[in-house]
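*Asks:* One structure coming up, written as structure tokens, with questions to follow.
The values are calculated or read from the model by the stated rules, or taken from the named source; none is laboratory data. None of these values were measured; they are calculated from a predicted model. Every residue, glycine among them, receives a Cβ derived from its backbone with ideal geometry; neighbour counts consider all protein chains shown.
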Amino acid sequence: MIALHLRLRPSTRRLAVAAGAIALAAVVIAPLSSTDAAQQAGLPLLTDRLWFRIATTVAMFVALASAWNVIGGLAGYASFGNIAFFGLGAYTTGALVSNLRWAFAPALLAAPLVSALFAAVIGLPLLRLRGHYFAVATLGVGVAVGEVVNNLGPLGGATGLFLPILRSDLLFFYLMLGTAALAVAATWVILRSRFGFGLLAIRENEEAAAVIGVNTIFYKVSAFVIAAALTGLAGGVFAQWNSFINQENVFAVSDNVEMILMAVLGGAGTVLGPVAGAVVLELTIETLAGGGSAAVYSQIGLGVLLTVCVIFIPRGVIDFFGGQSRLSLGYLRRTLRETSA
Amino acid sequence: MESAGGILPWSEWGHNSVSLLAVNDLGKRFGGVQALQGVSFTVQDGDVLGIIGPNGAGKTTLLNCVSGLFRPDRGDIRWQDRSIVGQAPYRIARLGIGRTFQIVRPFPSMTVRENTAMGALFGQPAGRLQPAEALRQADAVLDLVGLADKRSHPVLRLTVPDRKRLEVARALAMRPRLLLLDEVMAGLNQVEVEQALEMVRQVRASGVAIVLIEHVMKVIVGVCNRALVLNLGRPLLEGPPSEVLRDRRVIEAYLGERYARGGDA
Ligand SMILES: Nc1ncnc2c1ncn2[C@@H]1O[C@H](COP(=O)(O)OP(=O)(O)O)[C@@H](O)[C@H]1O
Ligand SMILES: [Mg+2]
């Protein structure tokens, strides 16, 4: 069950958490070791610049997918406008550093604030819409904000915005990892709180939630604001990491689609689903990005995979292994046990 | 008046007291359909008010207005003498008004117990429970409505009567002072109706006032102390159940409907 129970059986769960913790520790610590030590430990890839880039990108998408999960997975409002929060965060940090000569640290902290404020303002009218109306409206906001920024001279207009280069692979890897950890931790805390149960109730049946006493508007806007803050923070880190931002690289609707795919593929509404989805999907994309025709086929493959997943395991892969879905392994196991008993 | 209510038990201030719920001249229109017109009634502590009337009479619309899902076009709804028209549904819920839905609205991916706990978690006027405590309270409510042995079932595996019981359980877990029940006994067999009646009596005995929409006459006579008949959105008459059900106009309203739907049988 999604709500007050833990999804996996305790033994399976403990094992998964332990394995995850070890893998995470390896990833987190590996970059700190010197190149030689890493080579000897058999972890040469993580000290390579290219792989640093990929690891940082993966962490970024873990943050974005987890943040999307708060509004899309928990509250059930499929936002296509989260990319606006990312772009706003990026441009906030970018403008403060580049135009106003702020130091990176305070400029980074401003990013989530601006995105959250923006979410609070647009959340009130937008979150009255439901289903595809909400999806389309948020999509419009995402595109509109990108266009506005693209036409603002002080923000570099169509040329984009350049930030002074800060060369530290390690710093940006850890900042993205920290943002991702924050997003995952936030989801974990929310899912155990009254607030989280209120969001789930809204997702499952909004009228029923309202008449049992859930302040639906406040809850939805809060979820939107939290998602925006986390997404904006990732945007701020990205701006300085990439040291160049424009409409194409921080307001791309395809990135918004990607975070949705990751969350849905891994398991929307769960803590670890979006993490799994982001890691697997981003690594696949990065690996296949190089080859010409391979890239095309990989795109088609991802599309097919997504369709199959949405149809057969709508609650995501996490559910497939432990859950209630009629097509899950857990269901199969239970059915076999019941029929043989 | 208000301060006196805090000191005296309700029975001692009798009929001059402030009503728990007072609906006055309520009107609601949907396009060309006048769903409610000139509907007035009150509910006192200890009341079980039955509302009957053929399909389309406006019974569900009335509940939707009281619980804040619809805003009435005219008239007033007062809770302990304060108007609640235009208030958000969650505020009305926390005043102590719980309701069920005729077309059930469970939280589909949660278990029976979790569904019920949601009512306790959010609906109680007294304040904020933690999830663990809400689950504990859900168990007590599930005993009362007869769902105790199905508490860990996913709701999608429940039969229709059980889903109706769950609606009642979730509303009861809110610890309401007024419970609005919309056809929760439709589709139950004789034995199940008896069980449901017993449940309603227990709820009433625990000090909860009830508004009960029902077609089964046995239910109206069995637990209601007053009945209100609606027809085409208007109040037809109000009075003690046995008298109301004997009235020619009421019989006609129902028979008329049955003739009109003759093809169904
Ligand atoms: N949301 C709505 N939109 C439009 N018409 C409605 C709506 N709800 C109810 N009605 C209409 O109002 C009338 C009363 O309906 P309802 O209150 O459901 O009756 P009852 O519960 O007594 O069967 C019907 O004619 C119904 O079609
Ligand atoms: Mg009805």
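*Asks:* In segment B:64-92, how many are of a type in the set (D, E, K, R) and surrounded by 16 or more Cβ atoms within 10 Å (Cβ to Cβ)?
*Replies:* Total meeting the criteria: 1.
*Asks:* Sticking with this one: Looking only at segment B:35-77, count every residue that is polar (S, T, N, Q) and either more than 10 Å from ligand 2 (Cβ to nearest atom) or assigned to a loop (DSSP other than H, G, I, E, B) (or both) and tell me the total.
*Replies:* 6
*Asks:* I would also like to ask the following. So, in segment B:78-113, of the ones that are in a loop (DSSP other than H, G, I, E, B) and of a type in the set (S, T, N, Q), which residue ends up nearest to ligand 2 (Cβ to nearest atom)?
*Replies:* Going through the qualifying residues, I end up with B:Q102.
*Asks:* So, one more: List every residue pair whose Cβ atoms sit under 6 Å apart, with the two residues 6 or more apart in sequence or on different chains, where the first one lies in segment B:45-60 and is within 14 Å of another protein chain (Cβ to nearest Cβ) and the second, anywhere, is near ligand 1 (Cβ under 9 Å from one of its atoms) and modelled with pLDDT of 95 or more.
*Replies:* Final answer for the pair search is B:T60/B:Q102; B:T60/B:D182.
*Asks:* Read through the list (1) surrounded by fewer than 21 Cβ atoms within 10 Å (Cβ to Cβ); (2) within 14 Å of chain B (Cβ to nearest Cβ); (3) within 11 Å of the chain's Cα centre (by Cα), then give the number of the only condition that A:A268 fails.
*Replies:* Result: A:A268 fails condition (1) only.
*Asks:* Among residues belonging to segment B:169-186 that are within 16 Å of ligand 2 (Cβ to nearest atom) and away from chain A (no Cβ under 12 Å), point out the one that is farthest from B:L20 (Cα to Cα).
*Replies:* Going through the qualifying residues, I end up with B:A186.
*Asks:* B:Q44 fails exactly one of the following numbered conditions: (1) crowded, with 24+ Cβ neighbours inside 10 Å; (2) touching a helix residue (DSSP H, G or I) at 6+ places or on another chain (Cβ under 9 Å). What is the number of that condition?
*Replies:* Among (1) crowded, with 24+ Cβ neighbours inside 10 Å; (2) touching a helix residue (DSSP H, G or I) at 6+ places or on another chain (Cβ under 9 Å), B:Q44 violates only (1).
*Asks:* In contact with a Phe, Trp or Tyr (Cβ under 6 Å, 6 or more places away or on another chain), assigned to a helix (DSSP H, G or I), within 13 Å of chain B (Cβ to nearest Cβ) and farther than 16 Å from A:T57 by Cα, is that true of A:A210?
*Replies:* So A:A210 fits the description; yes.
*Asks:* Same structure, new question: Note down all Cβ pairs under 7 Å where the first residue falls in segment B:184-213 and is under 17 Å from B:I51 (Cβ atoms), the second is within 16 Å of ligand 1 (Cβ to nearest atom) and basic (K, R), and they're at least six residues apart or on different chains.
*Replies:* B:V184/B:K164; B:I213/B:K59
*Asks:* Look at segment B:93-149 and say how many of its residues are crowded, with 19+ Cβ neighbours inside 10 Å, more than 7 Å from chain A (Cβ to nearest Cβ) and basic (K, R).
*Replies:* 1
*Asks:* If the requirement is being under 30 Å from B:R94 (Cα atoms), touching a helix residue (DSSP H, G or I) at 6+ places or on another chain (Cβ under 9 Å) and away from chain B (no Cβ under 14 Å), which of these qualifies: A:A201, A:A181, A:A227, A:A144?
*Replies:* A:A227
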